[in-house]
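See below for the structure under consideration.
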Amino acid sequence: YIMSIKMLHTCIRVMDLEKSLEFYKNALGLVETRRKDFPEHKFTLVYLSDVPGGYEVELTYNYNPEVPYDLGNGFSHIAIAHDNIESLREKHSEMGYEVTDLKGLPGEKPHYYFVTDPDGYKVEVIRG
């Protein structure tokens, strides 16, 4: 038989929930779809997506983290698509986020760039 699989979410741990929400909502245009607070266990989960019922980014905020998370070298990036990457790149730069030059794979015209969120996670923005 064929299994029916639906991608649900990617979880990332964040140091400052408000700064991260500002990035994912204001810089990327995602919408908070739900939130789960667990004060007795000292953490909050916030889910964001571009469409209701779609794939989500889960921000995990452990109350009062003492040191930044080690992002390691295995995880690379999250990717989103946008029609006008030049204007979005300019917006991200004006908002003070670290952005790369426009890039292209070998032999291709530039069609993507990376923007870094407040915790150092990379988001690839691809011409959509």
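Things to note:
- Single condition Ile78 does not satisfy, out of (1) touching a residue at least 60 places away in the same chain (Cβ under 8 Å); (2) part of a helix (DSSP H, G or I): (2)
- Candidate set from region 5-32 (those that are hydrophobic (A, V, I, L, M, F, W, C) and open to solvent by 60 Å² or more (accessible area, probe 1.4 Å)); member that is nearest to the chain's Cα centre (by Cα): Cys11
- Checked against (1) within 19 Å of Leu17 (Cβ to Cβ); (2) among the small types (Gly, Ala, Ser); (3) open to solvent by less than 30 Å² (accessible area, probe 1.4 Å), Gly54 passes all but condition (1).
- Within region 81-118, restricting attention to residues that are among the aromatic types (Phe, Trp, Tyr) and in a strand (DSSP E or B), the residue that is surrounded by the most Cβ atoms within 10 Å (Cβ to Cβ) is Tyr113.
- Residue in region 119-128 that is among the acidic types (Asp, Glu), within 22 Å of Thr10 (Cα to Cα) and either in a strand (DSSP E or B) or open to solvent by 70 Å² or more (accessible area, probe 1.4 Å) (or both) present: yes
- Take the conditions (1) open to solvent by less than 60 Å² (accessible area, probe 1.4 Å); (2) within 28 Å of Ser93 (Cβ to Cβ); (3) hydrophobic (A, V, I, L, M, F, W, C); Phe43 misses just one of them, which is (2).
- Condition check for Asp37: over 12 Å from the mean Cα position of the chain (by Cα), modelled with pLDDT of 95 or more and open to solvent by 60 Å² or more (accessible area, probe 1.4 Å): yes
- Only listed residue being among the basic types (Lys, Arg) and within 24 Å of Tyr112 (Cα to Cα), chosen from Lys6, Lys25, Lys42: Lys25
- In region 57-80, the residues that are among the hydroxyl-bearing types (Ser, Thr, Tyr) and open to solvent by 60 Å² or more (accessible area, probe 1.4 Å): Tyr63, Tyr69, Ser76
- Every pair of residues 6+ apart whose Cβ atoms lie under 8 Å, when the first sits in region 103-122 and is at positive phi while the second is open to solvent by 70 Å² or more (accessible area, probe 1.4 Å) and not basic (Lys, Arg): Gly120/Pro68
The values are calculated or read from the model by the stated rules, or taken from the named source; none is laboratory data. Just so it is clear, the model here is predicted, and its values are computed rather than measured. Neighbour counts are summed over all protein chains in view; Cβ atoms, including those assigned to glycine, are modelled from backbone coordinates with ideal geometry. These area figures cover heavy atoms from the full protein model, side chains too; ligands, DNA and RNA do not enter into them. Shrake-Rupley method; radii C 1.70, N 1.55, O 1.52, S 1.80 Å.
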